[in-house]
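J.: For reference, the structure I am asking about is given below.
The values are calculated or read from the model by the stated rules, or taken from the named source; none is laboratory data. Remember, it's a predicted structure, so these values are computed and weren't measured experimentally. We place every Cβ from the backbone using ideal geometry, glycine too, and count neighbours over all the protein chains shown. Side chains included, ligands, DNA and RNA excluded: accessible areas come from the protein's heavy atoms. Shrake-Rupley method; radii C 1.70, N 1.55, O 1.52, S 1.80 Å.
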Amino acid sequence: MSDRPWLVTGAAGFLGSHVVEDLLARGERVLALDNLQWGDVGFLEPSLANPNCSLLVADIRDAEGMRKLFARFRPANVVHLAALHYIPACVADPPLATAINVVGTQTVLSASIPSGLERFWFASTGDIYPLGDAPHREEERPSPFNIYGQTKWMGEQLVALAARDHPTKCFAVGRLLNLYGPRETNPHFLPELIKQIRDRPDAPLRLGNLWPKRDLVPVDEAACAVVEMTMAVPAGLTTANVATGTARSMQEVIDMIEEILGRRLPVEIDPAKVRPVERPHLQADVARLAALIGWTPRSDLRRGLERLLRGEGVIS
């Protein structure tokens, strides 16, 4: 690997702040790039105390700004996480989702390649897969389920084009499933559930659909997988699911938390939280990731939930 720095876009976000921590723990120099519109600079405070970490406040949609930034710092390795991730936000504003997730991705690619890029990792999503109950394999024909998945599939195509045009460089696409853990920036099911348990311990939980099944991935282990995947991929393009290979329903999540807490959690379905269109099942085949880096994130959800509840102050 090069002795030049890594650059992480979306570094003040959920996954980004964990990727920065993982890289610093390995002794790497890190440029943490974020426009701080959705991220939280507080997530980076421990990392910024490390002399190997620098914060760059910039917007990936700013082509000239990105060109100057990459020309100045010449990062060898780029982990591109910056995106509009929250599906309801993407559905509410498709032009913004496209501007950030598609145009922003091309802007980062266009700026990074001439600056001496060696390795590029792009955050895609399991939402590019068609509906189905079987674990999804990377060879499946994409059929995005929503505008978020569509923008990420378009981003994948841009990365594939860059890999074709620059065959000596290493490009990786990681199709992320549902991450969970500390520092979540969007009101997904688990953070909303835990917030209600903490803030209104005696009130019924008001939640959306409980029947969808998801492949739930610990965010710190996903971050480690991102870094090791970036280092492991050969020249050209490699695509791999970043997941556990196991799916659990939201009702199963509640059942596990009830066991951990030792008490019942009454639930009321809140129509305002029910998505009008919901994917029933999302699960990934993780054989390719295991072959590439030698392991996959753990599927021990109970252990992960205990850590999360402890970190959020719900249990001691």
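J.: Out of region 270-291, which residues are in contact with a Ser or Thr (Cβ under 7 Å, 6 or more places away or on another chain) and not in a loop (DSSP other than H, G, I, E, B)?
T.: Selection gives Leu289, Ala290.
J.: Follow-up. If I go through region 34-84 residue by residue, how many of them are modelled with pLDDT under 95 and small (Gly, Ala, Ser)?
T.: Final tally of qualifying residues: 1.
J.: Checking Arg61 against (1) open to solvent by 10 Å² or more (accessible area, probe 1.4 Å); (2) in contact (Cβ under 8 Å) with a residue 24 or more places away in the chain; (3) over 19 Å from Ser110 (Cα atoms); (4) over 18 Å from the mean Cα position of the chain (by Cα): exactly one of these is not met. Which one?
T.: Exception for Arg61: condition (3).
J.: Among what's in region 291-316 and is among the small types (Gly, Ala, Ser) and open to solvent by 40 Å² or more (accessible area, probe 1.4 Å), pick the residue that is farthest from Glu259 (Cα to Cα).
T.: Here the residue is Ala291.
J.: Pairs please, first residue from region 90-117 and free of Cβ contacts under 8 Å to residues at least 24 places away in the same chain and more than 14 Å from Gly65 (Cα to Cα), second anywhere and part of a helix (DSSP H, G or I) and open to solvent by less than 20 Å² (accessible area, probe 1.4 Å), Cβ atoms under 9 Å, 6+ apart in sequence or on different chains.
T.: Taking only residues 6 or more apart or on different chains, the pairs are Leu96/Cys90.
J.: I would also like to ask the following. Quick one: in region 1-28, of everything that is out of contact with any Leu (no Cβ under 8 Å at 6 or more places or on another chain) and in a helix (DSSP H, G or I), which residue is most open to solvent (accessible area, probe 1.4 Å)?
T.: Ala25
J.: Name, by its number, the condition in (1) under 24 Å from Cys170 (Cβ atoms); (2) part of a helix (DSSP H, G or I); (3) open to solvent by less than 60 Å² (accessible area, probe 1.4 Å) that does not hold for Leu31.
T.: (2)
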